[in-house]
Amino acid sequence: MSDNEKILVEKAKSGDIDAFEELIEGHQKKVFNIALRMIGDYDEASELAQEAFLRAFKSIKSFKGDSLFSTWIYKVTTNVCLDEIRRKKKKSLFL
């Protein structure tokens, strides 16, 4: 992780929204593409990408820095998508 990214992460951990926005700017396309590949629907992938960024912002304090920020945000995205897939599967079982 670059020194600049470390500084941005620390600022984001203290609640700096601008720092968090700067962190995610370089990852928006990849996050969306992960969601799109997992979900297969453009609009839903867009919503899930936004959910991933929201979840990441809410839990940024848990980011320990043992990995790259990109690795962490991509894992958050994958988990958001998996949660949605599970929710849909569970819902379909009861229909």
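The values are calculated or read from the model by the stated rules, or taken from the named source; none is laboratory data. Quick caveat: nothing in here was measured; it's all calculated off a predicted structure. Here Cβ is always computed from backbone atoms with ideal geometry, including for glycine, and neighbour counts include all displayed protein chains. To get the accessible areas, we keep the full protein, side chains included, count just its heavy atoms, and leave off ligands, DNA and RNA. Shrake-Rupley method; radii C 1.70, N 1.55, O 1.52, S 1.80 Å.
Would you mind checking the radius of gyration and Dmax of the stretch 46-91 based on alpha-carbon positions, in Å?
11.5, 36
Quick one: pull the percent of accessible area on the chain belonging to carbon and sulfur, 1.4 Å probe, ligands and nucleic acids left out.
Details: 3250 of 6310 Å².
C and S fraction of accessible area: 51 percent.
Would you mind listing how long the chain runs along its three principal axes, going by Cα atoms, in whole Å with the largest first?
Sorted largest first, the three principal extents are 49, 22, 21 Å.
What is the distance, in nm, between label points placed 7 Å from the Cα along the Cα-to-Cβ direction at residue 83 and at residue 33?
Each label point is offset 7 Å from its Cα along the Cβ direction, giving 2.4 nm.
Would you work out the relative contact order for the chain, in percent, from Cα pairs under 8 angstrom that are 6 or more residues apart?
For the chain, the relative contact order is 29 percent.
Would you mind telling me which residue in 52, 12, 35 has the biggest mean-square fluctuation in a Gaussian network model of the chain, where springs connect alpha carbons within a distance under 10 angstrom?
Among 52, 12, 35, the largest mean-square fluctuation in the Gaussian network model of the chain belongs to 12.
Per DSSP H run of at least 4 residues, take -39500 (n - 2.57); add these up for the chain, divide by its residues and hand me the 222 nm value, nearest 500 deg cm²/dmol.
My calculation for the chain gives -25500 deg cm²/dmol from helical runs alone.
Whole number in Å², please: accessible area per residue of the chain, 1.4 Å probe, ligands, DNA and RNA not counted.
On a per-residue basis, 66 Å².
Taking a cut-off of 16 Å, what percent of all Cα-Cα pairs in the stretch 1-47 are separated by more than that? Could you put the intermediate results ahead of the total?
Numbers: 522 of 1081 pairs.
In whole percent, the share of Cα-Cα pairs in the stretch 1-47 beyond 16 Å is 48.
Summing +1 for each Lys or Arg and -1 for each Asp or Glu, what net charge is found among the other residues whose Cβ lies under 12 Å from the Cβ of residue 48? Please list the in-between numbers first.
Working: positive: 37, 55, 87, 88; negative: 41, 43, 44, 47, 51, 83, 84.
Surrounding charge for residue 48 is -3.
Would you mind checking the tilt of helix 28-39 against the longest principal axis of the Cα atoms of the chain, expressed as 0 to 90 degrees and rounded to 10?
Tilt relative to the chain: about 20 degrees.
What distance in nm separates the simple spin-label points at residue 13 and residue 43, each placed 7 Å from Cα in the Cβ direction?
Reported label-point gap for residue 13 and residue 43 is 4.0 nm.
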